[in-house]
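Structure record follows, encoded as structure tokens.
The numbers here are math on the coordinates, done by the rules we state, and not lab data. Computed from a prediction, not measured in an experiment: that's the story for all the values here. Note: ideal-geometry Cβ built from the backbone for every residue, glycine included; neighbour counts use all protein chains shown.
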Amino acid sequence: MEQTTSPFSIKHWSEDDKPREKLMQKGKATLSDAELIAILIGSGSRNESAVELSKRILASVDNNLNALGKLSIQQLMQFKGIGEAKAISIAAAMELGRRRREEAGIDLKQITSSRAVFELMQPIIGELPHEEFWIIYLNNSNKVIYKNQLSKGGITGTLVDVRIVFKTALEQNATSIILVHNHPSGQLQPSDSDKQITRQLKAAGKSLSISVLDHVIVTENGYYSFADEGIL
């Protein structure tokens with residue numbers, strides 16, 4: 001027997017009413033609490049849409065998300081259209097929100113020197129047997145908002161994609177970046193390719209008003225800073 005999709009499923013909503021599409025096209029901040037919950041549950045019941053069901057759930061707790069987060073799985077399942085899977089999705093999302101609030105008070109690490117870069121990255125890449133290239137993304141206070149491994153290669157070197165670096169910078173709203181890679185050989189002096197990629201990234205960042213503050217080479221026991229050496 002062929003399955004049919006409920007007319008109240010998100011799949012059948014008009015484009016203006018689809019929370020997923022709205023999030024993609026207009027940004028997550030434009031969605032109401034009910035629309036965000038509707039994305040979590042995916043569909044409503046035969047008689048109401050996911051958004052309408054979400055509004056009803058929120059109304060039961062006076063539209064207070066903190067109160068919603070205190071509802072048990074069993075309490076959520078009292079709403080028609082909310083089964084165990086949907087109740088668990090809501091509870092998990094509420095718990096993530098609670099944990100995020102707990103972490104909100106943690107200060108972002110501020111980079112004030114090349115030494116601070118070394119202390120941040122040495123535990124991550126300083127003792128690896130292979131070379132890795134990382135980017136540290138900073139806000140306008142030089143605080144670390146994101147860092148990620150851009151490439152991983154053999155001891156002979158790594159491949160760096162300039163487009164990915166600045167695509168990520170724009171996504172993170174970074175105003176500056178720091179390049180970091182390790183030399184498993186223990187040799188601190190930069191190679192010609194190290195200097196070339198630094199020039200490429202610096203030039204590309206200039207056109208986007210994203211500064212390359214430094215390029216730090218990390219080994220197990222030391223580091224080399226392009227900025228400190230005046231060759232950035």
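Annotations for the structure displayed:
- The alpha carbons of segment 114-225 occupy a box of 34, 24, 19 Å along the principal axes, longest dimension given first.
- When peptides 191-203, 75-87 are ranked by their average number of other Cβ atoms within 10 Å per residue, the highest-first order is 75-87, 191-203.
- Those lysines that a straight Cα-Cα span of less than 16 Å connects to K147, excepting residues fewer than 8 apart in one chain: K109, K167
- Ordering of 59-71, 35-47 by packing is 35-47, 59-71, highest average first (other Cβ atoms within 10 Å, averaged per residue).
- Those lysines that a straight Cα-Cα span of less than 19 Å connects to K195, excepting residues fewer than 8 apart in one chain: K152, K206
- Charge dipole (the chain, unit charges on Cβ, about Cα centre) - positive-most of Q75, I111, V160: Q75
- Of the peptides 175-184, 121-130, the ranking by mean beta-carbon count within 10 Å, highest at the top, reads 175-184, 121-130.
- Only one residue of S54, N148, S225 has its Cα farthest out toward the positive end of the dipole of the chain, where Lys and Arg carry +1 and Asp and Glu -1 on Cβ, and that residue is S54.
- Kirkwood Rh and Cα Rg combined as Rg/Rh, the chain: 1.15
- Cα gyration tensor, segment 48-165 - rounded (a/c under 1.5), prolate or oblate: prolate
- By the helix-only formula, in which each DSSP H run with n ≥ 4 contributes -39500 (n - 2.57) and the sum is divided by residues, the chain has a 222 nm mean residue ellipticity of -12000 deg cm²/dmol.
- Distance between the pseudo-spin-label points of K28 and E102 (7 Å out from Cα toward the beta carbon): 1.9 nm.
- Surface/4 of the Cα convex hull for segment 10-103, nm²: 6.1
- Cross-link partners for K55 among the lysines, with Cα-Cα distance under 22 Å and sequence neighbours closer than 8 places in the same chain left out: K11, K18, K22, K26, K28, K70, K80, K86.
- For the chain, DSSP calls about 75 percent of its internal beta bridges antiparallel.
- Ordered by the number of other Cβ atoms lying within 10 Å of each residue's own Cβ, fewest first, R115, R99 fall into the sequence R99, R115.
- Label-to-label distance, R46 versus N140, with points set 7 angstrom from Cα along the beta-carbon direction: 5.7 nm.
- Backbone amide hydrogens, once placed in the peptide plane, bring L188 within less than 5 Å of nothing, excluding anything fewer than 5 places away on its chain.
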